[in-house]
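Report on the structure given below.
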Amino acid sequence: MLEWSATTDADVGALVRLGQACLERDGGLPDLADPEHMRTSFVTGQAICGRDELGDVLAAAAIGRDSSGGRTATGLVDPAVMGQGVGHELADWVARHAGGPVRFVMDSVSPESESLLVDIGLHRVFAETIMRHSLRHVPVVKVPDDIVTLPFTDDTSEAFHHAYEESFGDQPGYDEGSARAWGRWLREQRGFVPEDSRVAMDRSGHVAGFVTVSEGWIEEVGVVPAWRGRRLGAHLVARTLTAIEKQGRTEAWLAVDCRSPARSLYERLGFRSHGTRALYDQR
């Protein structure tokens, strides 16, 4: 039904249109409409796309590597041709070319893709809800008494790192090695906005929580155990929404683990679900 060929830079515009079609139907990571993200994700050394008789790209897949060198794969199928076996063709192509075990990274999860991945022996190892705030009604949450917040600078970077460790050290899956690299990763984060990222400290100089921000995104929010349940997290999020609005943006985004109780907080502050992003491994 589709004509398959290698993906090139010339296909980036068509890939963006494919990503937009998937977002409109199933939601997911808004970067699927960003040319640079689509180029990085889908124009790799091993990449394929399927075109209809008019030359429109209706499906694409690519094989790459993650930061640890493991094999990854990603794919998209236009909703117009879902249920016609196209997803199985992409999965077969990945199996033939991956050269071993592969992790599937799905930036937009549809019911069809979920069913397909289960059928071929994969299972979810992680999933996060993508959430969007329209910024039409930005809440105001008073800063808790005895708390001050400071922006990310060379002088406060250690406090940010300490707040990260204290906030997530008691959480399942916390990894000390990753935590040590967190500060370096943060500075390298695409679009990182240090002046809007804040670390919260009490009057004694002890860290209480933090929020990190990139362009249009709330990246991470953490509150140390002693300050949980005291509206500090809500204040940091609400304050950041105001900062993002002042950037001239009309929407704000965040991603939260599907199992996290923080999702209810974000909903109370005005965020709404915009689909799912997930990782799948072979059993």
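The figures follow:
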| read-out | value |
| --- | --- |
| The one condition in (1) within 25 Å of Ile218 (Cβ to Cβ); (2) of a type in the set (Gly, Ala, Ser); (3) crowded, with 22+ Cβ neighbours inside 10 Å that Ala33 fails to fulfil | (3) |
| Selection status of Gly64, assigned to a strand (DSSP E or B) and under 25 Å from Gly191 (Cβ atoms) | yes |
| Enumeration of residues in region 123-146 that are among the acidic types (Asp, Glu) and over 24 Å from the mean Cα position of the chain (by Cα) | Asp145, Asp146 |
| Within region 215-232, considering residues that are among the hydrophobic types (A, V, I, L, M, F, W, C) and in contact with a Gly (Cβ under 7 Å, 6 or more places away or on another chain), the one surrounded by the most Cβ atoms within 10 Å (Cβ to Cβ) | Val223 |
| Selected residue (only one of Ala10, Ala6, Ala60 is among the small types (Gly, Ala, Ser) and closer than 26 Å to Arg132 by Cβ) | Ala60 |
| Residue within region 197-212 that is modelled with pLDDT of 95 or more, of a type in the set (Ser, Thr, Tyr) and outside the structural domain of Gly75 (by TED's automatic domain parsing) present | yes |
| Number of positions in region 123-154 that are loosely packed, with under 12 Cβ neighbours inside 10 Å and more than 19 Å from Asp196 (Cα to Cα) | 6 |
| Any chance Val256 is outside the structural domain of Arg187 (by TED's automatic domain parsing), closer than 24 Å to Ala159 by Cα and either in a loop (DSSP other than H, G, I, E, B) or under 21 Å from the mean Cα position of the chain (by Cα) (or both) | yes |
| Enumeration of residues in region 23-62 that are among the β-branched types (Val, Ile, Thr) and over 22 Å from Thr276 (Cβ atoms) | Val43, Thr44, Ile48, Val57 |
| Qualifying residues in region 194-214 (those that are out of contact with any helix residue (DSSP H, G or I) (no Cβ under 8 Å at 6 or more places or on another chain) and not charged (D, E, K, R)) - the one surrounded by the fewest Cβ atoms within 10 Å (Cβ to Cβ) | Ser204 |
| Residue in region 90-122 that is farthest from the chain's Cα centre (by Cα), counting only those that are of a type in the set (S, T, N, Q) and crowded, with 19+ Cβ neighbours inside 10 Å | Ser113 |
| Criterion: buried (at least 20 other Cβ atoms within 10 Å of the Cβ), among the hydroxyl-bearing types (Ser, Thr, Tyr), outside any helix (DSSP H, G or I) and out of contact with any His (no Cβ under 7 Å at 6 or more places or on another chain) - qualifying residue of Thr250, Thr276, Thr240 | Thr276 |
| Neighbours by Cβ (under 9 Å, 6+ apart or cross-chain): first from region 42-58, at positive phi; second of a type outside the set (A, V, I, L, M) and surrounded by fewer than 19 Cβ atoms within 10 Å (Cβ to Cβ) | Gly55/Glu3 |
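Let's see how each residue does on (1) closer than 30 Å to Pro225 by Cβ; (2) modelled with pLDDT of 95 or more:
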| site | (1), (2) |
| --- | --- |
| Val94 | no, yes |
| Gly100 | no, no |
| Arg132 | yes, yes |
| Pro172 | yes, no |
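The values are calculated or read from the model by the stated rules, or taken from the named source; none is laboratory data. Remember, it's a predicted structure, so these values are computed and weren't measured experimentally. Cβ sites come from the backbone with ideal geometry, for glycine too, and all protein chains shown count toward neighbours.
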